Every structure is written in structure tokens, then in C-alpha cells.
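First the structure, in the form of C-alpha cells, and then the observations on it.
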Amino acid sequence: MNQNWKNFLLDQNALFKSESDITFKEHCHDNANNNKIYPIAHLAVLKIGGADAVKLLQGQVTCNVNEVTETKSSLGALCTPKGRAITTFLLIKTPDYFLMVLPRELLEIVQKRLQMYVLRSAVTLTNCSDQLCLIGLSESGRQTECLFDTRQINGNDIRINFSKTEARHLIITEPDQAIKLWSVAINEQNFIATNSEQWRYKDLLSGLPWLTTETTEEFIPQMLNLDQLGGISYNKGCYTGQEIVARTHYLGKTKRGLFLAECNSDTLPNPNSPILDKNAETEQVLAKVLIALPSTSMMKENQNNITMLIVLQSSEDNQYNLTLNDANKTPVYLLAHSL
């Protein structure tokens, strides 16, 4: 994180529980009538530039890079040769280069992996963690833009729509502009500084499948619903892992998908922890946790409630009896049969 940006947030009464978890001393509980602004530090930005950037990316990622424009960004995944997602990302095109927004903890792994394929190509890979800031905006009212519609304002700010249903945007900008944007939002536009975890929670509810060091290389992209989110192209040609991803699609063998679930526990399940089938005669792992977060107070009165994205083996009758793999065999309930 840029030090000037971090110092500014500290002056705004931010508390850094970790480098990626930022809270505010006077945090206001979620309220649908309030505009909110979030510092985002769990995601980072990798810049891919050079004359051969399109060729490199097209041969490595699941989305069709040729369909990514300055007004339309795309989710995607970078896979192993066995079709397992190393990371998911949002790919953004500017006039001169691409920006890949991805989990900060996976950026170094991804940069090294892409660098393996650069060889003599005219491609540069730059970690922009110190040059670019990420800000989330959530405003009152219903969204009218399409998911991942993108606007580039004054050549400095990039604004991406991050929701199908609400006015929620991700802003990518330089530190000085981030400080100005934040100050105007708070002092002139009645925005409320809001904990970064609340933005992650909104991503979770939207079914956005961000990976971690625990879940990297665990799932094929279809298990993360990337096909439903427009993050897989089946006609773009070859890329690393494409054979497995395409075979899964054309043979109709996707038996796992991403589901929204909840449980009541005082301990957050770790990413990639197992979820068991209570109906099975012998203990059987039926799902894995992708991410789990405390449910917001706006939605749940019981503060032990936890909301999760889980990768679950599909059932023909949609009947499940799920539990965490803990001492209490805590029940897990689905909030939606698919996302």
C-alpha cells in the first residue's frame, strides 16, 4: 500500500487490524439509506503492458482478452495445466496496458507464473501496489449499469460497476487522486467511511469467487461459477488449462458449483475447510469453504451468524444436510441453491 495513502487513512481514524483489514473508530452500522466509501487493501493491481500483452494473456487466461474493452472489464482465471484456478481476477483495459485486479496474497505467485511465459515477448509485468489505490463506493439506489461496465474518467480514475443490483463501484486511481476523492466524498457528498470487511461481505453476497493461498489450485473455474459470471470463453482458442475446462463444459461434467450458505458459530471456518454430509452412512466431504465472513448486523441479529461461499457437490433433489467439520458438527444451511 502506498505510504501517503496509508498515512491519510490513519488521519481519517482508520485502524489497520492487518495490512488488508481496515476498520474505523467511528464505524456506522450498515444502513441502506447511507452512501459508503471503503478502503480496499485485500486486492492488488498487476499491470501488464507491452506490444505482446494481448498475446500473452490470451494464451494464459480463461476469458477472451479480445472482448475486454475500455468500457467493459471481465472476470477470469489463470489456471494450471490441469485446469485448476491459481487465481481469479478482474481484467481491465486502458489505452496503453491491462490492469489485473486480484487477491493481494496471490499477486507475487501470479506475477512469477506469467513471467515464465514472457520469454522474449514484448511484455512488462508491474506490481502497482505502491502506485495505485483501490476504493469502494456504495450508494443509495438501484444499479442501472451492467456488471463490470467500466468508465475511465479524466485519464486518471477507473470506475467499474461491481453489482447487478445495487450502485456499487470499484475505483482504481493514483494516491493523490484517491486522497482527493475520499475527502470530497466524506466532506461534501455525505459518504460514511466503512470497514473494508463490509466490501468483502458485499462481494461474497454477489458470488464473486476471490481465492486465497488456501484455495489456490483447488477448483476448476466452473466450480467457482466463472462461466455464469462471463469469465470463461469456450471459443477463444488454446490457453493453459483449456483442455480440462473445455472438456468439463462440453461433456457436462460440472458436478460442483458455488453456493451461498450460513452457519451459527463463534469461529470462522477457514478457507478450504471441509463441509460434511450428515446423511451419509460414513463421514463424507460434500463441500469446501471458499470464504467465510461474519454476517452484517443489518442482516442478522445473532452476531455468531456466519455467511459463506461454499463449493458444493450438486444434488439432483437439492436436499442437503450439511455440517462443519468441527467438534459440534455445526449445521450449515444454504441461502440459495445457486448463484
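Filtering GLU243, GLU217, GLU197 for residues that are among the acidic types (Asp, Glu), within 16 Å of the chain's Cα centre (by Cα), over 22 Å from LEU322 (Cα atoms) and in a helix (DSSP H, G or I) leaves a single hit, GLU197. What about LEU107, is it over 21 Å from ILE37 (Cβ atoms) and buried (at least 17 other Cβ atoms within 10 Å of the Cβ)? Considered against the rule, which asks whether it is over 21 Å from ILE37 (Cβ atoms) and buried (at least 17 other Cβ atoms within 10 Å of the Cβ), LEU107 comes out as yes.
Note on segment 125-145: residues that are in a loop (DSSP other than H, G, I, E, B) and touching a residue at least 24 places away in the same chain (Cβ under 8 Å) total 6. Within segment 166-188, is there a residue that is of a type in the set (Asp, Glu), out of contact with any Lys or Arg (no Cβ under 6 Å at 6 or more places or on another chain), surrounded by 17 or more Cβ atoms within 10 Å (Cβ to Cβ) and not assigned by TED's automatic domain parsing to the domain that holds GLN228? Yes; the residues of segment 166-188 include at least one that is of a type in the set (Asp, Glu), out of contact with any Lys or Arg (no Cβ under 6 Å at 6 or more places or on another chain), surrounded by 17 or more Cβ atoms within 10 Å (Cβ to Cβ) and not assigned by TED's automatic domain parsing to the domain that holds GLN228.
Could you list all residues from segment 17-40 that are aromatic (Phe, Trp, Tyr) and modelled with pLDDT of 95 or more? Once the filter is applied, which keeps residues that are aromatic (Phe, Trp, Tyr) and modelled with pLDDT of 95 or more, segment 17-40 yields only TYR38. Put simply, of THR282, THR254, THR212 the only residue that is polar (S, T, N, Q), part of a loop (DSSP other than H, G, I, E, B), outside the structural domain of GLY76 (by TED's automatic domain parsing) and modelled with pLDDT of 95 or more is THR212. Number of residues in segment 138-155 that are at pLDDT 80 or above and either of a type outside the set (Val, Ile, Thr) or within 21 Å of the chain's Cα centre (by Cα) (or both) equals 11. Within segment 289-325, restricting attention to residues that are closer than 23 Å to LEU211 by Cβ and surrounded by fewer than 20 Cβ atoms within 10 Å (Cβ to Cβ), the residue that is modelled with the highest pLDDT is LEU293. Residues of segment 72-90 that are surrounded by fewer than 23 Cβ atoms within 10 Å (Cβ to Cβ) and under 18 Å from ASN127 (Cα atoms): ILE86 alone.
Here ASP176 passes the criteria (1) charged (D, E, K, R); (2) in a strand (DSSP E or B); (3) over 30 Å from TYR239 (Cα atoms); (4) modelled with pLDDT of 95 or more except the one numbered (2).
Yes or no, residue by residue, for (1) without any contact (Cβ under 8 Å) to a residue 12 or more places away in the chain; (2) surrounded by fewer than 21 Cβ atoms within 10 Å (Cβ to Cβ); (3) touching a strand residue (DSSP E or B) at 6+ places or on another chain (Cβ under 9 Å); (4) in the same structural domain as LEU91 (by TED's automatic domain parsing):
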{"site": "GLU197", "(1), (2), (3), (4)": "no, yes, yes, yes"}
{"site": "ILE244", "(1), (2), (3), (4)": "no, yes, yes, no"}
{"site": "THR248", "(1), (2), (3), (4)": "no, yes, no, no"}
{"site": "LEU268", "(1), (2), (3), (4)": "no, yes, yes, no"}
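Residues in segment 92-115 that are of a type in the set (A, V, I, L, M, F, W, C) and more than 16 Å from VAL54 (Cα to Cα): VAL101, LEU102, LEU106, LEU107, ILE109, VAL110. Based on this model, can you work out whether ALA167 counts as among the hydrophobic types (A, V, I, L, M, F, W, C) and either touching a residue at least 40 places away in the same chain (Cβ under 8 Å) or outside any strand (DSSP E or B) (or both)? Judged against the criteria, ALA167 is not a match.
What number of residues within segment 60-71 are out of contact with any Leu (no Cβ under 9 Å at 6 or more places or on another chain) and crowded, with 17+ Cβ neighbours inside 10 Å? So the count comes out to 1.
Within segment 85-121, the set of residues being out of contact with any strand residue (DSSP E or B) (no Cβ under 9 Å at 6 or more places or on another chain) and touching a residue at least 24 places away in the same chain (Cβ under 8 Å) comprises TYR117, SER121.
The values are calculated or read from the model by the stated rules, or taken from the named source; none is laboratory data. Source: prediction; values computed, not measured. Cβ coordinates were reconstructed from backbone atoms using ideal geometry, including for glycine residues, and neighbour counts include every protein chain displayed.
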